[in-house]
Every structure is written in structure tokens, then in C-alpha cells.
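Rule-based calculations on the coordinates, nothing more; no lab input. Computed from a prediction, not measured in an experiment: that's the story for all the values here. Positions of Cβ are backbone-derived with ideal geometry, glycine not excepted, and every protein chain shown enters the neighbour counts.
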């Protein structure tokens, strides 16, 4: 089953 | 000094109701261009951003940029004291620790003012690059709301795929499977009732329905919603608030381990 990824995997923290 | 008067005060109430369950403590950044917020949910899976433009307000004054730390649950409680046709004015001093909200009835014969205590909130800001979307869909917000609600009774996750056939939402659960396909339309009486699909490349992504359902809380803010899908990237769900701004939601996909 797919697992939930989080947003930091895609967007950089400023 | 910050002061903003919104004739259609109910929009503020609807906006707070649309985001309060995902984000509880948030910073509102006020400048002379308007009010902005960006906040991730507690699990850092989705992000909510809104913009209310200064020119969307009847009156807007901001002498210098301010950050107001707000508990959205408490703000929602206060906004419950406003009537649906009330004019809402917000005020804050430059170094104050409260946000004053004033509700005026339509006939201006009843005035309520409430001070909300502000908080100091550490917030993380994400840089979201301009994305080249694989598929962009515009549909009635009520249609989006219905799709994610209906599929929630089937399963916890949804596969969303955009192909030249249309946009397909599929859910699978213990009781069975369900697919809802939307095709592009052009025959509706009103432009906003049509489904528009602009596809650059086919895309398939998997998302948690719980969050997509939560985004539908913004339905009262807009008659349409735009869903942007990009290969291997978060989905973006946009509600434009007429003449005032927008609320946008971003949700990270589920991925195969």
C-alpha cells in the first residue's frame, strides 16, 4: 500500500 | 496601525471555517497589499495558503507590515457572534497583543466588538516554485465536494488520473471499488458550471481522501474549484474568492515505498 509522503520532500523550508 | 473593513463579512467567517481544522495556530502577515497566510497542517502533509487583497476591502490601512499570531479555533468562536450580513472591521495596533473585531449589522443599529488575544507563533514557511502542471481541471466546487465525499464512503485513498478521456477519481476499500469520471463540458447555462480540462501529459497520483474532503470546506467561498495535478508532485486545489483573493491547498501524494 502507498505511504503518505510529506511536503518537505517537495518544497524547501525558507 | 492595521484596519480593514469588509462589507461582506461572512466571507471572513467562511474562510476561517475552511481552514481551521487543518491549521490551528497561524500567522497572518499584513502589509499594504493585503493579508496573507501560509501554514502547514500538524503532520506536514498539506499546506494551506490564502491571500486577501487590500483592494477587496471597503477600507484597508496598514502603516507598516505586521504579523498577527492567531488561534483559528478562537477566531472562529468569535466570528460565530457575527451575523451573516454583518460588516466586519478588524483592527490591530503596531505593537498590540490583540486583534479587535467589530461586527456591524446591515442597518448599523447593532455593533459588537471583541478583542482576540494574539499569540507568538513560530511558523515555517515553504517555498513553492511555479509549477508546470500536467493537468489543470476547473469544475463546480459542489461537484468536487460531492466526489470526495462519495468516495470517502468507499475507501481512505483516491487515485486521480487525467487522460484524454477526462479526469478519473478511483477509490478502493473493503466494500468494493468506485470510479467517477468527469468529462469536459461546454453546454452548461453558466460558464462556472462547466468542467474544463487542460492536459499536457497523462498523470496518475494517489491522495488521502481525508485531506481532499477537508479542502471542500472552502466550497461556500467559490462556485468553482481548480485542481492542478503534476507528475510526482503535490496536488494544488484552488478556490478563488471573488473580488477578494484566494485560498489554496497543497497535498503531498501517497507514494509506493
- For segment B:2-32 and segment B:175-200, what is the separation of their C-alpha centers, rounded to whole Å? 31
- Other chains near B:38-49: what is the mean number of their Cβ atoms within 10 Å of each residue's Cβ? 2
- the protein assembly as shown: Rg/Rh from Cα coordinates, Kirkwood Rh? 0.99
- If you rank B:133, B:250 by fewest surrounding Cβ atoms within 10 Å, what's the result? B:133, B:250
- Query: What ranking of B:44, B:59 emerges when the number of other C-beta atoms within 10 Å of each C-beta is taken as an exposure proxy, fewest first?
  - Reply: B:59, B:44
- Determine the shielding of peptide B:244-253 by partner chains: average, over its residues, the number of Cβ atoms on other chains within 10 angstrom of each Cβ. 2
- Task: Could you please rank B:81, B:62, B:46, placing first whichever residue has the fewest other Cβ atoms within 10 Å of its Cβ?
- Result: B:81, B:62, B:46
- Task: Take the alpha-carbon positions of chain B, form their convex hull, and give its projected area averaged over all directions (one quarter of the hull surface) in nm².
- Result: 15.4
- Task: Relative to the longest principal axis of the C-alpha atoms of chain B, give the angle of the C-alpha long axis of helix B:10-19, reported between 0 and 90° and rounded to the nearest 10°.
- Result: 50
- Item | Radius of gyration, Dmax [segment B:189-231; alpha carbons; angstrom] | 12.7, 33
- Note on the structure: Length-normalised contact order of chain B, Cα under 8 Å, at least 6 apart, in percent, tallies to 20
- Please report, largest first and rounded to whole Å, the three semi-axes of the ellipsoid equivalent to segment B:77-138, where each semi-axis is the square root of five times an eigenvalue of the C-alpha gyration tensor. 34, 22, 9
- Estimated inter-spin distance, residue B:110 and residue B:44, nm [label 7 Å along Cα→Cβ]: 4.6
- Item | segment B:1-153: translational diffusion in µm²/s, Stokes-Einstein, Kirkwood Rh over Cα pairs, 20 °C, 1.002 mPa s | 126
- Message: Quick check: the angle from helix B:141-152's long axis to the longest principal axis of chain B, C-alpha only, nearest 10 degrees?
- Response: 60
- Chain lengthening between residue B:3 and residue B:131 when straightened (0.36 nm per residue, less Cα-Cα): 42.6 nm
